[in-house]
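Written below as structure tokens is the structure these notes are about.
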Amino acid sequence: MRHRVDGRLFGRTANQRKALLKGLVGSLLEHERIETTVAKAKEVRKIAEKIITLGIKGDLHAKRIAFSYIPNRAVISRLFSEIGPRFSGRNGGYLRIIQTRNRVNDSASMAVLEFIDYEEIKKSKETKDKKEKKTEKSS
């Protein structure tokens, strides 16, 4: 029986599973959107929401805990400088899972895991890029 047994094993050893989830969380924080299987997305969302909450706290202890999980200084600095302040008024629910398709080779159900404000951020970046290109052309 699986009473109160939490988490998915993905048919991997503990070390492989930890490495997989760390890599996915790091990619999510770096790119703000990833496509993976639904099961992996659900597991990554659990971990990433806790890490983002640490980013909102912003103190030294939170930075050390986040760094122990994601050993990439660029991603951690981005977490505490951009992502954390962006969600400071929110009590969880920073990510969404959108089921997209079935993968061709094994029919695994795929999903996109992204921040809830991903579309707004993407639009604002596009308008910034257009403005910069216009100023470069006029100079």
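Has segment 89-100 got at least one residue that is in contact with a Phe, Trp or Tyr (Cβ under 9 Å, 6 or more places away or on another chain) and either open to solvent by 90 Å² or more (accessible area, probe 1.4 Å) or in a helix (DSSP H, G or I) (or both)?
Looking for residues that are in contact with a Phe, Trp or Tyr (Cβ under 9 Å, 6 or more places away or on another chain) and either open to solvent by 90 Å² or more (accessible area, probe 1.4 Å) or in a helix (DSSP H, G or I) (or both), one finds none in segment 89-100, hence no.
Restricting attention to segment 97-139, report how many residues are in contact with a strand residue (DSSP E or B) (Cβ under 6 Å, 6 or more places away or on another chain) and either of a type in the set (Lys, Arg) or over 15 Å from residue 41 (Cβ atoms) (or both).
Final tally of qualifying residues: 2.
For segment 112-139, name all the residues that are outside any helix (DSSP H, G or I) and within 25 Å of residue 56 (Cβ to Cβ).
Filtering segment 112-139 for residues outside any helix (DSSP H, G or I) gives 112-117, 139.
Within segment 112-139, 112, 113, 114, 115, 116, 117 meet the criteria.
Can you go through 4, 45, 33, 12 and tell me which one is over 14 Å from the mean Cα position of the chain (by Cα), modelled with pLDDT of 95 or more and charged (D, E, K, R)?
Every option except 12 fails the conditions.
If I filter segment 4-25 for residues that are in contact (Cβ under 8 Å) with a residue 12 or more places away in the chain, surrounded by 13 or more Cβ atoms within 10 Å (Cβ to Cβ), of a type outside the set (Asp, Glu) and on the phi > 0 side of the Ramachandran plot, do I get at least one hit?
Checked segment 4-25: at least one residue is in contact (Cβ under 8 Å) with a residue 12 or more places away in the chain, surrounded by 13 or more Cβ atoms within 10 Å (Cβ to Cβ), of a type outside the set (Asp, Glu) and on the phi > 0 side of the Ramachandran plot.
So if I check each of 127, 100, 135, which one is modelled with pLDDT of 95 or more and among the β-branched types (Val, Ile, Thr)? Break it down into steps so the answer makes sense when it comes.
Values: 127 fails: modelled with pLDDT of 95 or more; 135 fails: modelled with pLDDT of 95 or more.
Only one candidate passes the filter, namely 100.
Return the only residue of 81, 124 being surrounded by 10 or more Cβ atoms within 10 Å (Cβ to Cβ) and over 23 Å from residue 23 (Cβ atoms).
Testing whether each residue is surrounded by 10 or more Cβ atoms within 10 Å (Cβ to Cβ) and over 23 Å from residue 23 (Cβ atoms) leaves just 124.
So, of the residues in segment 106-121 that are modelled with pLDDT of 95 or more and of a type outside the set (A, V, I, L, M, F, W, C), which turns out to be least open to solvent (accessible area, probe 1.4 Å)?
Residue satisfying both the conditions and the ranking: 114.
From the set of residues in segment 35-54 that are of a type in the set (A, V, I, L, M) and more than 12 Å from residue 21 (Cβ to Cβ), which is surrounded by the most Cβ atoms within 10 Å (Cβ to Cβ)?
This residue is 52.
The values are calculated or read from the model by the stated rules, or taken from the named source; none is laboratory data. Computed from a predicted structure; not experimentally measured. Please note: Cβ atoms are built from the backbone with ideal geometry, for glycine as well, and neighbour counts cover all protein chains shown. The accessibility values were calculated without ligands, DNA or RNA, using every heavy atom of the protein model including side chains. Shrake-Rupley method; radii C 1.70, N 1.55, O 1.52, S 1.80 Å.
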